[in-house]
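Contents: one structure, followed by commentary.
Nothing in this text is a laboratory measurement; each read-out follows from the coordinates by a stated rule. It should be emphasised that the depicted structure is a prediction, and the values quoted were computed from it without experimental measurement. Methodologically, a virtual Cβ is constructed for each residue, glycine included, from the backbone with ideal geometry; neighbour enumeration extends over all protein chains shown.
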Amino acid sequence: MTDETEAVREVVNLVTEETDSWAEVLNRLRRAKGQLAAVITMIEAERDRRDVVTQLAAASHALDRAGFKIVAGGIHQCLTEGQQGHNPALSEAELEKLLLTLA
């Protein structure tokens, strides 16, 4: 296998990983969207507050997980780019700031 072929495979793998990562984020956000719609419906129907808060907590958790997945993807991208000798898209400080934004 030539160096050029190996380089192309690495790029394809990175694009596939990035696409999978964004697909997971979108799935989590769609789940949160559905849960939030359920919260609104429950409030409009004057459902029990415990049930509403439980559903709201699930939506909040889904949003948190989506945010962490985005940051994890950024960390993975920076590590991969660093190993390949490229400058990472985000600095360590920028990644830390993103992570702390979610905390």
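On full extension of the chain, what length is gained from ARG30 through ALA93, given 0.36 nm per residue of separation minus the C-alpha to C-alpha distance? Don't skip to the end; give the middle numbers.
Numbers: separation 63, 0.36 × 63 = 22.68 nm, distance 2.96 nm.
Residue separation times 0.36 nm, minus the Cα-Cα distance, leaves 19.7 nm.
Please express the shape of segment 20-93 as an equivalent ellipsoid: the semi-axes are the square roots of 5 times the eigenvalues of the C-alpha gyration tensor, given largest first in whole angstrom. Present the calculation step by step, with values, prior to reporting the outcome.
Values: eigenvalues 273, 21, 9 Å².
Calculated on Cα positions only, the semi-axes equal 37, 10, 7 Å.
³J(HN,Hα) across segment 71-83 via Karplus (A = 6.51, B = -1.76, C = 1.60, θ = phi - 60°), whole Hz, x for Gly/Pro?
5, 4, x, x, 5, 4, 4, 5, 5, 5, 5, x, 5
Quick one: net charge of ALA66's neighbours, Cβ under 13 Å, K/R +1, D/E -1?
Values: positive: ARG28, ARG30, ARG31, LYS33, ARG65, LYS69; negative: GLU24, ASP64.
Computed value for this residue: +4.
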